[in-house]
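J.: I'd like to ask some things about the structure below.
The values are calculated or read from the model by the stated rules, or taken from the named source; none is laboratory data. These numbers were taken from a predicted model, which means no experiment stands behind them. Cβ placement follows ideal geometry from the backbone for every residue including glycine, while neighbour counts extend to all protein chains displayed. Each accessible area value is taken on the protein alone, full model and side chains, heavy atoms only, with ligands, DNA and RNA left out. Shrake-Rupley method; radii C 1.70, N 1.55, O 1.52, S 1.80 Å.
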Amino acid sequence: MSDDVLSVIPADPHWQPDRPAAERATTLVTVLTGGLVVDTDVEVDVDWYDAPSVIDSGQNLTRIRCPHRRGSIDLDWWTDLVEDHEDGFPTLRVDVPCCDAATSLDALDFDWPCAFARFEIAVWNPEPSRLTDEQLAAVAKALGHPVRQIRAHL
């Protein structure tokens, strides 16, 4: 069986909220994605990371492009990099394999967005599968920081 995951994360990969803000935002995301409805498969997980961790799009990821020369980056390189940093990335700085240029991992162009975060609200099998711009703005207000969403299929 496959799962869809909607992750709501701070826009800044290094930022973490305080506990009350995290609880407000989690409650709102839970309500907006059907997490309080009885007899659904919706589950909500909240994760705090010591270092920026990859929030990827799972099987949705089809392509990564270099921000410098727009060349394709091999997905095997990405998979190996993520596996080597299961506990997070001490730095987002990286030399891309396509042209050996220095860049930040969060500057890579992912076809199906991926991101990095130290705080994540992950909704498994949400209803609906994405939040509207207005809903994201409400979550950002509750959290006290701009947010973005990453949709994954696992």
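J.: Seen from all sides and averaged, what is the projected area of the convex hull of the Cα atoms in segment 1-109, in nm²?
T.: Projected area, direction-averaged: 8.4 nm².
J.: On to the next question. To the nearest 10 degrees, how steeply does helix 75-84 sit against the main Cα axis of the chain, on a 0 to 90 scale?
T.: The angle comes out at about 70 degrees.
J.: May I pose another question? What is the log10 of I(q)/I(0) for segment 67-114, computed with the Debye formula using one identical point scatterer on each Cα and no solvent, at q = 0.20, 0.23, 0.26, 0.30 Å⁻¹?
T.: -0.68, -0.92, -1.19, -1.49
J.: Which of 28, 68, 129 sits farthest toward the positive end of the charge dipole of segment 1-138, with +1 on the Cβ of Lys and Arg and -1 on the Cβ of Asp and Glu?
T.: Working it through, the farthest residue towards the positive pole turns out to be 68.
J.: Also: What is the sum of charges around residue 111, taking Lys and Arg as +1, Asp and Glu as -1, for the other residues whose C-beta is under 10 Å from the C-beta of residue 111?
T.: +1
J.: Also, I was wondering about something else. What is the Cα centroid distance between segment 81-150 and segment 8-60, reported in whole angstrom?
T.: Here the two parts' Cα centres lie 12 Å apart.
J.: Hey, what angle do you get for helix 133-143 against the long axis of the chain, alpha-carbon based, 0 to 90 degrees rounded to 10?
T.: 80
J.: Measuring from the lowest to the highest alpha carbon on each principal axis, how far does segment 1-58 reach, largest first, in angstroms?
T.: Its Cα atoms span 35, 29, 16 Å along the three principal axes.
J.: Please work out the average accessible area per residue across the chain, using the 1.4 Å probe convention, and give it in Å².
T.: That works out to 54 Å² for each residue.
J.: What trypsin sites (Lys or Arg not before Pro) in segment 33-127 are in a loop by DSSP, with at most 11 other Cβ atoms within 10 Å of the Cβ?
T.: Those that pass, being in a loop and sparsely packed, are 69, 70.
J.: How many nm separate the modelled label positions at residue 63 and residue 43, each set 7 Å beyond the Cα in the direction of the Cβ?
T.: The two pseudo-label positions are separated by 3.5 nm.
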